[in-house]
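These notes are about the structure you will find just below.
The values are calculated or read from the model by the stated rules, or taken from the named source; none is laboratory data. Being a predicted model, the structure only gives us computed values, none of them experimental. In this analysis, Cβ positions are derived from the backbone assuming ideal geometry, glycine residues included, and neighbour counts consider all displayed protein chains.
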Amino acid sequence: MQTDNRTYPLFFEPAAAHHASLPEPTLYSVSPNQLAEQVIAHINCLIEEGHCVVFPVSGGKDSSATMICGLEAIRRARYANVRQAHHWIMTSDTKTENGSVRQQLLRMFDEVQAYIKKHDLPVSILTVEPSLPDQFVVATLGRGSLARTPQNSVKDGKAKRPCSESWKAIPQERAQKKIAQESALLGFREPVAALGTRLDESISRGTRMTERGDNALTPVRNKRGMLTYAPIADWTVDDVWTLLTQFMDENDNPFPPAVSAYTVRLLDQLYKDGNDGTCGVVFGDGGYRKPCSARFGCWNCLMVGERDPSMESMVKESRHAHMAGLNRLRNYIAAIQNDLTRRELIGRTRSAAGYLAVRADVLNFQTRMELLKMMLTLDVLEEERAEAMFEAIACGEIEATEENRMLAEVQFEILSFSQLVAIDWFMSMHPYCPHAMPAISAWYEVHKLGRRVMVPETPPTIPKQPVEMHGWFKVGNYDDQVPTWGLYSHEVERWNAYRHPDRVSAYAQAGEGVKTVYFEEEDQMKVDAEQACMYVTCMFDFQMYQEVQGLDAIEGARFWINETILKPATGMMGRYQHMAVRGQYFAHLARKLNLSPADMDAYIIKNAISDAQHDLLLDSADMPLFDNGVSPATDDGDEEEREFNLAELLM
């Protein structure tokens, strides 16, 4: 094992006895190095107690400072021959991160990986991500779910951030449970998540931390029973930057650096760019200066209001100008969020009397397709921008600096092939989807046919308005006026015996006695990324593009699961069969009546019964029978009823 020959100031030795024997950082004034040493000492206590330590890292200043101190604690324990568990640096790829912050994080992880190898540390870097149905583009485009805003994220008088929960907290805690099982098998104690949260970060953050009991001395259990710890809870923003600033000069490091001075300087510049150019610690300056505390979130975040100040500050700089399109799209989504003309009227929860509510609900199909093509266009434009810059560097038109070489790579991708298939799966079950493979056809139009859809100028923001209840529309068992069979296909079943003779069955069941095409399940919804890429880029040619225009939309949904390119989560096919039957019912009804989507909406409103009439039916003893494998009480709920039910957000 390599040794470090440099001498660094050390305030606390690695073998500190216990948390209680260490001084509390709030009791007296200490230097920045002492603050860091206190954090290192407390993490060393966790290590000596046999805990695995998990460091959730976002790429921002606070989680980076926490990780740097944590790695130093692990390094000291390693050189002191302390028996320790395997530790983890964990990040959640929400698929919507600020592109520049994401690139900064990846650069930092490359250096951290080299540091881990150099010092032979028992540490691994793990990237987790939300389940496919919970990811923003799949939720918004596939199911029409509304983006979270301050207005629709309040329950019982308290602000909620379900996107933060489902995109970051839940995937990380799911991974932490697996880590706990592995640690236990090796004889170590349960993991502790060392969070980079601070009490003075904001009033709301401080309040939530206080309610949870977060502190810098001892771990606490969160509401899901996981141990968490906030080692820099009492730090100020200046404390964080004072520590990080010492790593900008390689001759001034308080301990061996896990990241390079260049990377720390880039982080400092990132905050300046998101803070109107003002940032950094100014020693000996007792006057006013703008705090270095810009907040970086997801490019699509509407929780910050109508505008995203940090993003709008960043895109003014040439090194972040590539994100201007993302910011325009974010503002456009915010502006149309409350436009009820962009909502669909067909409810999703069928009552016990066999009726659906008729009122504005999730985004309608036309709006979803519009947003999909805008996102696909932004992806193409980013690919072309990176390629043009690469060629300019190669030709000597642009200086080949490290920053320019980095910008010559694609900086963001809104839609992956896996997400595209998941979106297509959900869209194919929509009542007004005109043909099979709608999302794949949109990709072909934008990428191959050059039909770009630019983000328009942001219209005036529409304030939240009351949702009018138009009544209840009868569907019975989705057989009131037309027949349905959803995800089942007699033709596919017949062909499966020849196309897939190795299967034990040519069909499957989504509930007792409810037949569907063949499918296989996973613990979460999964899309085979390689198969998805091959199908979209290699197999879906112009002939296929023309052929799918003449196929019913539901054929696409059947294809993805029958070919096992998409595998639904275990136990969810009953719900998806209900979605497919509901969509097919209105598609068949529109075909029978020869109505366009707009005319169909008018027909539904005209033929809806009132609340009073519906209540009389509910009181009747003669309730219709339901045989599609889904109880009426557990059908897919309306948006307002489900907006805080994260596990079922899209299912």
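Take the residues in region 57-89 that are β-branched (V, I, T) and either in a loop (DSSP other than H, G, I, E, B) or over 31 Å from the mean Cα position of the chain (by Cα) (or both); name whichever of them is farthest from L243 (Cα to Cα).
V82
Select from region 254-276 the residues that are farther than 19 Å from Q113 by Cα and touching a helix residue (DSSP H, G or I) at 6+ places or on another chain (Cβ under 8 Å) and list them in ascending order.
Hits for region 254-276 are P254, D268, L270, Y271, D273, G274, N275, D276.
State all residues of region 384-404 that are under 25 Å from R265 (Cβ atoms), more than 33 Å from the chain's Cα centre (by Cα) and either loosely packed, with under 13 Cβ neighbours inside 10 Å or not assigned by TED's automatic domain parsing to the domain that holds H447 (or both); if no residue qualifies, say none.
E399, A400
Here are some residues: A508, A529, A497, A442. Which one is among the small types (G, A, S) and without any contact (Cβ under 8 Å) to a residue 12 or more places away in the chain?
When all the criteria are applied, what remains is A497.
For the subset of region 231-253 comprising residues that are free of Cβ contacts under 8 Å to residues at least 60 places away in the same chain and part of a loop (DSSP other than H, G, I, E, B), which member is nearest to Y115 (Cα to Cα)?
If we take residues in region 231-253 being free of Cβ contacts under 8 Å to residues at least 60 places away in the same chain and part of a loop (DSSP other than H, G, I, E, B), then E250 is nearest to Y115 (Cα to Cα).
Pairs, please: C-beta under 8 Å, at least 6 apart or cross-chain, first residue more than 17 Å from Y262 (Cβ to Cβ) and in contact (Cβ under 8 Å) with a residue 12 or more places away in the chain and in region 392-413, second basic (K, R) and surrounded by 12 or more Cβ atoms within 10 Å (Cβ to Cβ)?
I393/R405; F412/R102
Take R328 and decide whether it is in contact (Cβ under 8 Å) with a residue 60 or more places away in the chain, surrounded by fewer than 20 Cβ atoms within 10 Å (Cβ to Cβ), in a helix (DSSP H, G or I) and outside the structural domain of V467 (by TED's automatic domain parsing).
Answer is yes for this residue.
Is there a residue being at pLDDT 90 or above and of a type in the set (G, A, S) anywhere in region 247-260?
Yes, region 247-260 has at least one match.
For residues that are modelled with pLDDT of 95 or more, outside any helix (DSSP H, G or I), over 11 Å from M525 (Cβ atoms) and not β-branched (V, I, T), tally how many sit in region 562-580.
Total meeting the criteria: 1.
In region 523-544, what residues are surrounded by 14 or more Cβ atoms within 10 Å (Cβ to Cβ) and either of a type in the set (A, V, I, L, M) or under 23 Å from G486 (Cα atoms) (or both)?
Matches in region 523-544: Q524, M525, K526, V527, A529, A532, M534, V536, M544.
Quick check on region 449-505: of everything there that is aromatic (F, W, Y) and part of a loop (DSSP other than H, G, I, E, B), which residue is surrounded by the fewest Cβ atoms within 10 Å (Cβ to Cβ)?
It comes out as W485.
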